[in-house]
Amino acid sequence: MCVGRGRDCGAADPCRGALDLGYTVLEADNSQSGLRILETRARIDLLLTDVGLPGGMNGRQLADAAREQRPGLKVLFLTGYAESAAVGNGAWSRAWKS
């Protein structure tokens, strides 16, 4: 499942890349539509989410909600921002060691 904003990155678009490899991709434009997809019975093996999302929550919050519903779900965070903007005070790295 891909959730993000501005995903139209041409050849670098991870959702398009997954489609090209034969994966089924469920796309959401914001956190709320992502949550609705997570509430379905759809098979989701990996959540790709932008760190900054429209729709009321950020990518980390969406991932936390996803893992409550689907324990063990693999999450890949994407961002166009520098590491310091994504990690901040280190709270991300401490909470996501596994």
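Bear in mind these aren't lab numbers, they're just calculated from the coordinates by the rules spelled out. Computed from a predicted structure; not experimentally measured. Cβ coordinates were reconstructed from backbone atoms using ideal geometry, including for glycine residues, and neighbour counts include every protein chain displayed.
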Quiz item: Ranked by Cβ crowding within 10 angstrom, fewest neighbours first, how are THR40, THR49, THR79 ordered?
Solution: THR40, THR79, THR49
Quiz item: Among ARG60, ARG36, what is the fewest-to-most ranking by other Cβ atoms within 10 Å?
Solution: ARG36, ARG60
